[in-house]
1. Just to verify a result, which residue in the range 68-85, among those that are buried (at least 18 other Cβ atoms within 10 Å of the Cβ) and in contact (Cβ under 8 Å) with a residue 12 or more places away in the chain, is farthest from E40 (Cα to Cα)?
2. Would you pick out the residues in the range 37-65 that are farther than 19 Å from Y83 by Cβ and either modelled with pLDDT under 90 or loosely packed, with under 10 Cβ neighbours inside 10 Å (or both)?
3. Just to be sure before I move on: is G95 modelled with pLDDT of 90 or more, surrounded by fewer than 10 Cβ atoms within 10 Å (Cβ to Cβ) and on the phi > 0 side of the Ramachandran plot in the structure I sent?
4. Of everything in the range 49-82, what is closer than 17 Å to V97 by Cβ, touching a helix residue (DSSP H, G or I) at 6+ places or on another chain (Cβ under 6 Å) and of a type in the set (G, A, S)? Give them in sequence order.
Amino acid sequence: MARLNPWRCTSRSFLAKYLRRYSQRFLPRPAQEASSLTEEERGIVRLIAEGQTNKEIAKLLNIALKSVETRRAAVMKKLGLSYSAELVRYAIRNGLVEP
């Protein structure tokens, strides 16, 4: 019995759309340039990557906890990141902290 090749009966546009979606979801994103962040944003990213909590960062920078949370969220949105681990990886790749 001959095996049916599923790729043969699938349209090219469907395959192109599927591959584009797959690559966006699973392949690593290119590192954003650190220059796209302000010095203050780089400082907050550095502290987060070093393991400081939002509360500790607020105390160190003498700003409100809510300000740290807001700035952290803004940085993550600006860089297109969803998780803290991605932010740490960003900091390492862009030389903000050493691994």
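1. Restricting to residues being buried (at least 18 other Cβ atoms within 10 Å of the Cβ) and in contact (Cβ under 8 Å) with a residue 12 or more places away in the chain, the top hit is L79.
2. E39, N62 - these are the residues of the range 37-65 that are farther than 19 Å from Y83 by Cβ and either modelled with pLDDT under 90 or loosely packed, with under 10 Cβ neighbours inside 10 Å (or both).
3. Working: modelled with pLDDT of 90 or more: no; surrounded by fewer than 10 Cβ atoms within 10 Å (Cβ to Cβ): yes; on the phi > 0 side of the Ramachandran plot: yes.
Considered against the rule, which asks whether it is modelled with pLDDT of 90 or more, surrounded by fewer than 10 Cβ atoms within 10 Å (Cβ to Cβ) and on the phi > 0 side of the Ramachandran plot, G95 comes out as no.
4. Of everything in the range 49-82, just one residue is closer than 17 Å to V97 by Cβ, touching a helix residue (DSSP H, G or I) at 6+ places or on another chain (Cβ under 6 Å) and of a type in the set (G, A, S), namely A49.
The values are calculated or read from the model by the stated rules, or taken from the named source; none is laboratory data. No experiment lies behind these values; they were computed from the predicted model shown. In this analysis, Cβ positions are derived from the backbone assuming ideal geometry, glycine residues included, and neighbour counts consider all displayed protein chains.
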